[in-house]
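The structure appears below as structure tokens.
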Amino acid sequence: MDRRITFRQSTDTQTDSGATVESFADVATVWANVSTSGAGGNERFVMEKETAFNQKYFTIRYRTDLNEKMILLYENIIYDIKSINELEDTRKRFLKIKAEKRT
């Protein structure tokens, strides 16, 4: 685990004029392994339009304070978390996170 990633939680705040603004607060910065195996550089169809997307897999030590509503920051790029799963046969030692680059 040689890469630093930061998890951020979305919070809604109100401006003085009453408008709601989404902001993010850091939850944790952790060490991770990063891979693209089975994910990067693929294409899919969205609403009959072909769009490129970039997925990465992040392996971190087991935590209980993460969820799919958070975003992940890696190398100053924002990723939307698609899934968080415990690695098989690791007995709550590691999590594998599938995330997609925000466009």
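A short reminder: the numbers here are calculations on the coordinates, not readings from a lab. Every value quoted in this text rests on a predicted model; they were computed, and no experiment measured them. A quick note on method: Cβ atoms are made from the backbone with ideal geometry, for glycine too, and the neighbour counts reach across all protein chains shown.
Which order do the peptides 55-67, 83-95 take when ranked by the mean count of other beta-carbon atoms within 10 Å per residue, highest first?
Result, highest mean first: 55-67, 83-95.
For the modelled label position 7 Å from the Cα of Arg91 along Cα-to-Cβ, which residues of the stretch 59-85 have backbone nitrogen atoms closer than 16 Å?
The answer is 62.
Between Thr15 and Asp2, what is the label-point separation in nm under the 7 Å Cα-to-beta-carbon projection?
4.5
For every other residue with a beta carbon closer than 15 angstrom to the beta carbon of Asp65, add +1 if it is Lys or Arg and -1 if Asp or Glu, then tell me the sum.
Counting the neighbours of Asp65, the net charge comes to +2.
Quick one: Karplus J couplings for the stretch 86-103, per residue in order, coefficients 6.51, -1.76, 1.60, θ = phi - 60°, nearest Hz, x for Gly and Pro?
Once rounded to whole Hz, the list reads 6, 5, 4, 6, 10, 6, 6, 9, 9, 10, 10, 10, 9, 9, 10, 4, 6, 10.
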